[in-house]
Every structure is written in structure tokens, then in C-alpha cells.
1. Would you confirm, using the coordinates I've provided, whether Asp44 is within 16 Å of ligand 2 (Cβ to nearest atom) and either modelled with pLDDT of 95 or more or not aromatic (Phe, Trp, Tyr) (or both)?
2. List the residue pairs whose Cβ atoms are under 9 Å apart, where the first residue sits in segment 120-146 and is within 13 Å of Asp102 (Cα to Cα), the second is among the hydroxyl-bearing types (Ser, Thr, Tyr) and surrounded by 13 or more Cβ atoms within 10 Å (Cβ to Cβ), and the two are 6 or more positions apart or on different chains.
3. Which ones in segment 26-77 are basic (Lys, Arg) and either more than 13 Å from ligand 1 (Cβ to nearest atom) or assigned to a strand (DSSP E or B) (or both)?
4. Looking at Lys28, is it within 16 Å of ligand 2 (Cβ to nearest atom), in contact (Cβ under 8 Å) with a residue 40 or more places away in the chain, farther than 21 Å from Ile180 by Cα and buried (at least 18 other Cβ atoms within 10 Å of the Cβ)?
5. Could you list all residues from segment 103-119 that are of a type outside the set (S, T, N, Q), surrounded by fewer than 21 Cβ atoms within 10 Å (Cβ to Cβ) and modelled with pLDDT of 95 or more?
6. Among the residues of segment 78-110, which ones are within 13 Å of the chain's Cα centre (by Cα) and in a strand (DSSP E or B)?
7. Among the listed residues Arg151, Arg155, Arg100, Arg132, identify the single one that is within 28 Å of Ala21 (Cβ to Cβ) and surrounded by 15 or more Cβ atoms within 10 Å (Cβ to Cβ).
8. Give the residue that is surrounded by the fewest Cβ atoms within 10 Å (Cβ to Cβ), with candidates limited to residues of segment 56-67 that are of a type outside the set (A, V, I, L, M) and either over 12 Å from the mean Cα position of the chain (by Cα) or at pLDDT 95 or above (or both).
Amino acid sequence: MTSAVTIPRHGGTGGRTAVAARARQVVKAYGSGETRVVALDHVDVDIARGRFTAIMGPSGSGKSTLMHCLAGLDTVTSGQIYLDETEITGLKDKKLTQLRRDRIGFIFQAFNLLPTLNALENITLPMDIAGRKPDKAWLQQVVETVGLADRLKHRPTQLSGGQQQRVAVARALAARPEIIFGDEPTGNLDSRAAPRSWASCAAPWTNSARPSSWSPTTRSPPPTPTASCTSPTAASSTRCTSRRPSRSWTG
Ligand SMILES: Nc1ncnc2c1ncn2[C@@H]1O[C@H](COP(=O)(O)OP(=O)(O)OP(=O)(O)O)[C@@H](O)[C@H]1O
Ligand SMILES: [Mg+2]
């Protein structure tokens, strides 16, 4: 797949770069020989700060792979990924784990909830691991916005697919990361629940205004944070196209 958009590196408020995340000449290949799959083939992409960016493309075109690489969840075969000014492709494991925990929210396509924890415990898990106390007012706002207030004590197996997805959305938003990646974050939600859970919650990430629950005692957000998602329906987008499909793409 290949995709490229260009956004000025500087601009907007406070002198921060206008680009929240960048990929430069990123290649991601899985396997070797006959079964080798080139999921990302020299991808250049800039994700603008303070905007929704949708990554679109057919199944298997590399959308999830791109997001996993941008979020530092997967390694690249070659090329560079930057989060703001930090090149994450050069970071050692410990620093990368810390950066992911502190600066990135990720909504997984397959939710990745822990079955032994209830909904609330799943939502606060990243902060619990980091030894950080959740901001209660913000947490409540997130939980209410995604419509999970009456399901917090339920475990994932006791929740519908859409409810599990909303737990995954709440988990990504709860720590107020600098950038949120949503891998088809509304795929299991109906047309009423989808805007409620994803767009409403992520709105503070695309407004320069702070969320209503903001208080001086809580961790400050970047001035113009960012949300990025894969979506089969979004109108404005970065498009994934397969340039050199390998055997296993075409069956
Ligand atoms: N761990 C892996 N090992 C081998 N091939 C993989 C692996 N993960 C992904 N792929 C391949 O890489 C390609 C891109 O996969 P990816 O999951 O990024 O696609 P996608 O655009 O997110 O698809 P979908 O819309 O179905 O979620 C696919 O051909 C897939 O089979
Ligand atoms: Mg995918």
C-alpha cells in the first residue's frame, strides 16, 4: 500500500508542529519467501495535529498495520516513525512502553479487553499500570458519554460487542493521551451509539477548547491534540491502496 499527504510541519498554536505523527518511507513486511507480505510499501504520511484523520482502504490494504506502526505497537522493517518530534523507531523498549502509556491512546479493532477484569478495571488499567490516579471527573464524563455507567461492574463476556467496543474507546480516552488511534472504533456500534461513543468523546481532541471537566490540578493536554481512525465510511481521509499486492493478498 502507499499513501502520502503533506502538512506544514509548523503552524497552529504555541509553535508546536502542525503534525502530530509522521511516517517516512515506512516498509512493513511479514514473513519471508513465498509467504512474504509487504503490508506497507514505502509509506509517507503526516497526521495533522488537532484533527480527525480517517485512513481508508479495502480489507487487507494495511490500515491496521499502519496504525500499529504509527502508535509504536509494532516495529517497522525500515523507515522512520515520529510522534511529534520524537523518533519512536529509534527508541529502546522501556522508553517506547513509557511513551505509549503516557502519550498514546489506541482503540484496537479486536478490543483487547482483559476477560478477568470488569469494564471499569479495563478502562483504568493503563493508568493503574503506570501508577497514575484517574481524574475522576473526566473518567465519569467519558463513561457517561459512551453510555456505560450501568455496566461498569460487568466483565467483557457479560457485555455485547458494541459495549465491549465502548469500553475500549473509554480506555483509550481515559488518560487523555496526546493522540488517539481508533482502529475501526465504531465497527460494532449502531448509528446512534457510534457518534455518541467516538466522535463526542474525541471532540476535545479536535477543539482548541479544553474539555468541560478540565481543572488546573489535572495533567495538561497538548494545546491541539489529535484523533486518527480507520473507517470504511469517512468522507475525508488518507487512502490506503495496494501498489504491489503479494500472492497472499490475492489468494
Ligand atoms: N502478523 C501477520 N503476519 C502475516 N501477515 C500479516 C500479519 N498481519 C497482517 N498481515 C497481512 O498484512 C496485510 C495488511 O493487514 P492489515 O491488518 O493491516 O489490513 P487492514 O487494512 O487493516 O484490513 P481490515 O480492513 O480487514 O482490517 C494483510 O494482507 C494481512 O494478511
Ligand atoms: Mg484492520
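1. no
2. Qualifying pairs under 9 Å: Pro134/Thr124.
3. The answer is Lys28, Arg49, Arg51.
4. It is true that Lys28 is within 16 Å of ligand 2 (Cβ to nearest atom), in contact (Cβ under 8 Å) with a residue 40 or more places away in the chain, farther than 21 Å from Ile180 by Cα and buried (at least 18 other Cβ atoms within 10 Å of the Cβ).
5. Leu114, Pro115, Leu117
6. Residues satisfying the conditions are Leu83, Ile104, Gly105, Phe106, Ile107.
7. Arg100
8. The qualifying residue surrounded by the fewest Cβ atoms within 10 Å (Cβ to Cβ) is Ser59.
The values are calculated or read from the model by the stated rules, or taken from the named source; none is laboratory data. All of these numbers come straight from a predicted model, not from anything done at the bench. Note: ideal-geometry Cβ built from the backbone for every residue, glycine included; neighbour counts use all protein chains shown.
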